[in-house]
Each structure stands twice: as structure tokens, then as C-alpha cells.
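Heads up: the structure comes next, in C-alpha cells.
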Amino acid sequence: QVQLVESGGGLVQPGGSLRLSCAASGSFFRVNFMGWYRQAPGSQRELVARIFSGGSTNYADSVKGRFTISRDDAKNTVYLQMNSLNPEDTAVYYCLVDGTEILTRRYREVWGQGTLVTVSS
């Protein structure tokens with residue numbers, strides 16, 4: 001089974017930066033996209049950014065110009081560079097891999113465990 005391990009969360013001051021990492025391991029997997037989502041207390045989980053197999057990306061309007069999603073295919077890792085952070089960015093951030101297991105040809109969505117980002121005032 002594919003497993004995702006997230007890292008990079010923590011406490012940061014407004015205006016600061018963090019980089020989140022999500023490393024995938026396990027089964028052979030054909031990726032459709034990898035992405036980042038976040039969930040603040042009392043709110044629904046929302047899309048932050050996605051990067052597709054062909055390299056295209058999309059972002060939530062609230063993070064455009066501040067966040068950048070990227071990947072390292074050799075390391076099976078996706079990153080989220082977060083700049084100019086503000087308190088509204090405080091949330092638990094989850095990574096997602098969406099694709100098909102090569103051996104079984106079955107569609108899978110696999111989530112990371114979540115990492116907390118806190119932006120203090």
C-alpha cells in the first residue's frame with residue numbers, strides 16, 4: 001500500500017515562510033495528481049494546490065502568488081512552499097496522492113497524516 005509521510009509544519013510569525021514535504025512510499029503507483037489540502041477548526045477541508053502528472057498546477061484564490069507547489073519525481077515527494085503567511089493560513093495541512101496502482105489497476109486516493117501550521121499574530 002502507498003503511504004505518505006508529511007513534515008515541515010510548525011509555528012511561524014506573520015509574513016514568514018514554511019516549506020511542507022510529503023514523501024510517498026510503498027506500492028508502484030501511477031499518479032494523476034498530487035496535492036495539498038487544509039482544514040481549519042470549524043471549517044471544511046479545502047483545496048490549496050494541485051500538481052498534475054503533466055506538470056500543470058492550480059491554486060486556491062486565497063494562496064495565489066504566495067504558495068508554490070512542486071515535486072521531485074525521483075524522490076516521490078511533493079512540496080508546498082508557503083511565503084507571506086498570515087493568520088488565516090493556520091490549519092492542518094494534508095497531502096493527497098490520486099492515481100492508479102500499477103499492479104492492480106485500481107484507483108486510489110491516499111492521504112497523509114496531516115501537519116499543523118500555526119501563524120501567530
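The values are calculated or read from the model by the stated rules, or taken from the named source; none is laboratory data. The model shown is predicted, which means the values in this text are computed figures rather than measured ones. Cβ placement follows ideal geometry from the backbone for every residue including glycine, while neighbour counts extend to all protein chains displayed. Note: accessible area is taken over every heavy atom of the protein model, side chains too, but ligands, DNA and RNA are not part of it. Shrake-Rupley method; radii C 1.70, N 1.55, O 1.52, S 1.80 Å.
Being closer than 18 Å to Ala23 by Cβ, out of contact with any Lys or Arg (no Cβ under 9 Å at 6 or more places or on another chain), open to solvent by 90 Å² or more (accessible area, probe 1.4 Å) and at pLDDT 95 or above is the requirement here; does Gln113 meet it?
yes
One residue is enough: does segment 19-26 have a residue meeting the conditions touching a Gly at 6+ places or on another chain (Cβ under 6 Å), modelled with pLDDT of 95 or more and either open to solvent by 60 Å² or more (accessible area, probe 1.4 Å) or assigned to a loop (DSSP other than H, G, I, E, B) (or both)?
Looking for residues that are touching a Gly at 6+ places or on another chain (Cβ under 6 Å), modelled with pLDDT of 95 or more and either open to solvent by 60 Å² or more (accessible area, probe 1.4 Å) or assigned to a loop (DSSP other than H, G, I, E, B) (or both), one finds at least one in segment 19-26, hence yes.
Mind telling me which of the residues Gly54, Gly35 ends up being over 17 Å from Val12 (Cβ atoms) and either part of a strand (DSSP E or B) or hydroxyl-bearing (Ser, Thr, Tyr) (or both)?
Gly35
Of all residues in segment 87-121, which are of a type outside the set (Ser, Thr, Tyr) and more than 18 Å from the chain's Cα centre (by Cα)?
Listed by number, the residues that qualify are Pro87, Glu101, Ile102, Leu103, Arg105, Arg106.
Counting only residues that are touching a residue at least 40 places away in the same chain (Cβ under 8 Å) and either more than 16 Å from Glu6 (Cα to Cα) or open to solvent by 50 Å² or more (accessible area, probe 1.4 Å) (or both), which one in segment 71-80 is farthest from the chain's Cα centre (by Cα)?
Only one residue fits best here, namely Lys75.
Using the structure shown, decide if Thr68 is under 16 Å from Ile51 (Cα atoms), open to solvent by 40 Å² or more (accessible area, probe 1.4 Å) and β-branched (Val, Ile, Thr).
yes
For segment 29-65: of the residues being of a type in the set (Val, Ile, Thr) and over 24 Å from Gln1 (Cα atoms), which is surrounded by the fewest Cβ atoms within 10 Å (Cβ to Cβ)?
Thr57
Filtering segment 1-11 down to residues that are within 18 Å of the chain's Cα centre (by Cα) and either at pLDDT 95 or above or open to solvent by 40 Å² or more (accessible area, probe 1.4 Å) (or both), which residue is farthest from Tyr93 (Cα to Cα)?
By that ranking, first place goes to Gln3.
Before we move on, is Asn83 within 15 Å of the chain's Cα centre (by Cα) and surrounded by fewer than 18 Cβ atoms within 10 Å (Cβ to Cβ)?
yes
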